[in-house]
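Down below is the structure, laid out as structure tokens.
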Amino acid sequence: MDSLESLVNVVHCIMCQSSVAPVYCKVCHIQLCKDCLEKHTSESSKVHSVEQLEQHSASLNSPCDRSLMTVPLVITCIYTGYDPFYGVACLNDSEVWTCGWDNQMKLYNLQGELLKSIQTQSGHKPRHIAVTRSGELVYTDHKNGTVNIVKNTQIETVIELQEWKPLNVCFTSSGDLLVVMDVDDKQSKIVRYSGFTEKQSIQYNEKGQPLFSPGGDKYISENRNLDICVSDCGADKVVVVNQAGSLRFTYTGHPLPTERSFNPCGITTDSQSRILTADDEHHCIHILDQDGEFLRFIHNCGLEEPWGLCLDTRDNLFVAEWDTGKVKKIQYYN
């Protein structure tokens, strides 16, 4: 296993998707390698403004930015009994929904008291959970291809797929539902639903190549700049597209990846547009800025196989630990 010190960030060129990108176009908001820069700036339809990516990232740090803690604090630890444990979603700042290798979804307060337990409609284990802006629990049932919403104690199926199967979901700032799904481990895509009606499908880049790996789990989160962030476990990378579905960048966590050197699981975004993704292989959380620049690890607070992630309204991080069955609430901002 590689050491944490050797896991450094690599931002790849949007155009060729293979070379390291040292420059940033401030007009088009994309990262470019040196070879693709000349082609990009030769477009006569636009006047491009280019700067070093490092300089661009530094310019984002305004005085009002919150500073990251050198040693994050574990504030609360809740034992759920799940084995394994992979899903957590904040209902509010004092209550969290959880799910694991069980057909029961459990609601806990921060004192570790079980407030509610709801069984899935089919009896299958939920693949993922999320919470609507009005506080209703939503879960995916990968086995029967449905997305379901819990209203009080009643469960309603709001999306029913045929060949495709839902993996994970998140709600956008506008109230849309983003669902990342796959079909027979052969294809993966994101579908945007508005009022549970399909509105957009994101599957290929501008060259017609798949944006996501065909198999493996995938987690999804919308950033404050409306980017869609996906942790692609099957490809060992984070893929970020803009609201229109165009690739912005990928994050691989290592300049020369070795087998399973970076294993992204859960993903979430905070009030500073920073991207947090769990890496269970290295028992840590990677923190990136909105352009894919690595900022810091959360790794020195006793994490064990972190998997599912969510944030409360104060940017406290909730982490589901795969093997321990624990939810840990972590403060990582000063």
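The values are calculated or read from the model by the stated rules, or taken from the named source; none is laboratory data. Note that the structure is predicted; figures quoted are calculated from it, not measured. Backbone-built Cβ (ideal geometry, glycine too); neighbour counts: all protein chains shown. When the accessible area is computed, the model is the full protein with side chains, heavy atoms only, and any ligands, DNA or RNA have been set aside. Shrake-Rupley method; radii C 1.70, N 1.55, O 1.52, S 1.80 Å.
Taking the stretch 296-334 as the range and being of a type in the set (A, V, I, L, M, F, W, C) and over 16 Å from the mean Cα position of the chain (by Cα) as the test, the residues that pass are C301, L303, W322, V327, I330.
Could we say that P264 is closer than 25 Å to E206 by Cβ and surrounded by 18 or more Cβ atoms within 10 Å (Cβ to Cβ) here? For P264, the condition - closer than 25 Å to E206 by Cβ and surrounded by 18 or more Cβ atoms within 10 Å (Cβ to Cβ) - is met.
Annotation: of all residues in the stretch 84-106 being outside any strand (DSSP E or B) and among the charged types (D, E, K, R), the one that is farthest from S134 (Cα to Cα) is D102.
Would you point out the residue of the stretch 87-116, among those that are of a type in the set (F, W, Y) and free of Cβ contacts under 8 Å to residues at least 60 places away in the same chain, that is nearest to S221 (Cα to Cα)?
W97
When the stretch 273-310 is filtered for residues that are out of contact with any strand residue (DSSP E or B) (no Cβ under 8 Å at 6 or more places or on another chain) and either under 15 Å from K328 (Cα atoms) or among the polar types (S, T, N, Q) (or both), only S273 remains.
Per-residue answers, yes or no, for (1) in contact (Cβ under 8 Å) with a residue 12 or more places away in the chain; (2) in contact with a strand residue (DSSP E or B) (Cβ under 8 Å, 6 or more places away or on another chain); (3) under 22 Å from I14 (Cβ atoms):
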position: T172; (1), (2), (3): yes, yes, no
position: K186; (1), (2), (3): yes, no, no
position: V191; (1), (2), (3): yes, yes, no
position: G195; (1), (2), (3): no, no, no
position: Y204; (1), (2), (3): no, yes, yes
position: K207; (1), (2), (3): no, no, yes
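When the stretch 280-289 is filtered for residues that are open to solvent by less than 20 Å² (accessible area, probe 1.4 Å) and either at pLDDT 95 or above or not acidic (D, E) (or both), the ones remaining, listed by number, are H282, C284, I285, H286, I287, L288, D289.
Restricting attention to the stretch 293-332, and to residues there that are among the β-branched types (V, I, T) and open to solvent by 10 Å² or more (accessible area, probe 1.4 Å), which single residue is nearest to D280 (Cα to Cα)?
That would be T324.
Any chance the stretch 175-190 includes a residue that's modelled with pLDDT of 95 or more, among the polar types (S, T, N, Q), more than 14 Å from the chain's Cα centre (by Cα) and in a loop (DSSP other than H, G, I, E, B)? No, there is no match, as no residue in the stretch 175-190 is modelled with pLDDT of 95 or more, among the polar types (S, T, N, Q), more than 14 Å from the chain's Cα centre (by Cα) and in a loop (DSSP other than H, G, I, E, B). Regarding the stretch 244-256, can at least one residue be identified that is in contact (Cβ under 8 Å) with a residue 24 or more places away in the chain, closer than 18 Å to I78 by Cβ, buried (at least 24 other Cβ atoms within 10 Å of the Cβ) and among the small types (G, A, S)? Checking the stretch 244-256: not a single residue is in contact (Cβ under 8 Å) with a residue 24 or more places away in the chain, closer than 18 Å to I78 by Cβ, buried (at least 24 other Cβ atoms within 10 Å of the Cβ) and among the small types (G, A, S).
If you scan the stretch 141-172, which residues turn out to be open to solvent by 80 Å² or more (accessible area, probe 1.4 Å) and over 20 Å from W97 (Cα atoms)?
The answer is K143, E160, Q162, E163.
Consider Q272 carefully, then state whether it is in a loop (DSSP other than H, G, I, E, B), at pLDDT 95 or above and in contact with a Phe, Trp or Tyr (Cβ under 9 Å, 6 or more places away or on another chain). Yes. For the stretch 128-140, a residue qualifies if it is within 24 Å of P84 (Cβ to Cβ) and either hydrophobic (A, V, I, L, M, F, W, C) or open to solvent by 30 Å² or more (accessible area, probe 1.4 Å) (or both), and the qualifying residues are I129, A130, V131, L137, V138.
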